[in-house]
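K.L.:
Mind having a look at this structure? Questions to follow.
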Amino acid sequence: MLFLDIEIQEENGIEIAMELRKRLPDMIIVVITSYLKYSLEGYKIQASRYLLKPIHETLLYSELDEILQTRDTSQTLTLTMHQETTMVKMKEILYFESIGRTTCFHTPQGVYESKEGVSYWAKQLHVHFVECHKGLFVQLSHIMQIRKDCIEISNHETLPLARRRVQQVQESWLQFQEMSL
């Protein structure tokens, strides 16, 4: 979330926001200014709110509550590994698996690790993922085809499917399909 004034010494807040928006398209921008004449400029940067100075504390908290309620934080995961924190969009996770003591999240952009074990993530993400093999969880929305011993996912990769998990995976996928209609 970015709180931004329109006039920042010699800088132009709108230009700064446009540059940041290119790098972080999902960023929430709240414009704070003393000038009503800049309100139309806020549309260029897709500002979530436009607040006029001076801002009363109750108004600020009210606006923040509303912004946070409309923002679905379950759409991203915060992964921490080796003192590095990464935000990963849930919809981009193809599958995750246990490798040693870490959990690896596979996305089209690459693999991200988490220090939390696979059982932690299985509990957190059980609505979106199903275990297809020991320690291997596939996102239901990325399943394209289920065969007797493997699953094809949206990037055309195939994942192993344990014989004893076939029925559970098929039922979970069908249930997901029905809910998506």
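K.L.:
Where only protein heavy atoms count, and the probe is 1.4 Å, what is the accessible area per residue for the chain in Å²?
P.N.:
Result: 67 Å² per residue.
K.L.:
Would you work out which of Pro25, Ile55, Met87 lies farthest towards the positive end of the dipole of the chain? Charges go on Cβ: Lys and Arg +1, Asp and Glu -1.
P.N.:
Result: Met87, furthest along the dipole toward the positive end.
K.L.:
May I ask you to compute the full-extension gain from Gln168 to Lys91, defined as 0.36 nm times their residue separation minus their alpha-carbon distance, rounded to one decimal in nm?
P.N.:
Full extension from Gln168 to Lys91 adds 25.5 nm.
K.L.:
Suppose each label sits 7 Å from its Cα in the direction of the beta carbon; what would the Gln9-Thr80 distance come out to in nanometres?
P.N.:
3.4
K.L.:
Same structure again: Quick check: pseudo-label points 7 Å beyond the Cα along Cα→Cβ at Met1 and Gln175, how many nm apart are they?
P.N.:
Placing both labels 7 Å along Cα→Cβ, they lie 3.5 nm apart.
K.L.:
Given 0.36 nm per residue, what is the gain on full extension from Leu24 to Glu63 after removing their alpha carbon distance, in nm?
P.N.:
Once the chain is fully extended between Leu24 and Glu63, it gains 11.9 nm.
K.L.:
Continuing with the same structure: Along the charge dipole of the chain, which of Thr107, Leu161, Leu174 sits closest to the positive end, that is, farthest toward it, with unit charges on the beta carbon of Lys, Arg, Asp and Glu (+1, +1, -1, -1)?
P.N.:
Leu161
K.L.:
Tell me, what % of the accessible area of the chain is carbon and sulfur with a 1.4 angstrom probe?
P.N.:
Percent of accessible area from carbon and sulfur atoms in the chain: 51.
K.L.:
Quick one: dipole size for the chain, taken about the Cα centre, charges +1 on Lys/Arg Cβ and -1 on Asp/Glu Cβ, in debye to the nearest 20.
P.N.:
For the chain, the charge dipole is close to 800 debye.
K.L.:
For Met81, tell me the accessible area in Å² from a 1.4 Å probe, rounded to the nearest 10.
P.N.:
Using a 1.4 Å probe on the heavy atoms, I get roughly 30 Å².
K.L.:
Moving on. If I take all pairs of Cα atoms in segment 1-117, what percentage of them are more than 18 Å from each other?
P.N.:
For segment 1-117, the share of Cα pairs beyond 18 Å comes to 62 percent.
K.L.:
Something else now. Determine the percent antiparallel among the DSSP beta bridges restricted to the chain, to the nearest 5.
P.N.:
Bridges in the chain are about 80 percent antiparallel.
K.L.:
Grab the chain and count how many Lys pairs have their alpha-carbon atoms under 28 Å apart, sequence gap of 8 or more, or different chains.
P.N.:
Lysine pairs meeting the criterion: 21.
K.L.:
From largest accessible area down, sort Tyr35, Tyr112; use a 1.4 Å probe on the protein chains.
P.N.:
Ranked list, largest accessible area first: Tyr35, Tyr112.
The values are calculated or read from the model by the stated rules, or taken from the named source; none is laboratory data. Just so you know, these numbers come straight off a predicted model, no measurement behind them. In this analysis, Cβ positions are derived from the backbone assuming ideal geometry, glycine residues included, and neighbour counts consider all displayed protein chains. Side chains are part of the model used for accessible areas, which takes the heavy atoms of the whole protein and leaves out ligands, DNA and RNA. Shrake-Rupley method; radii C 1.70, N 1.55, O 1.52, S 1.80 Å.
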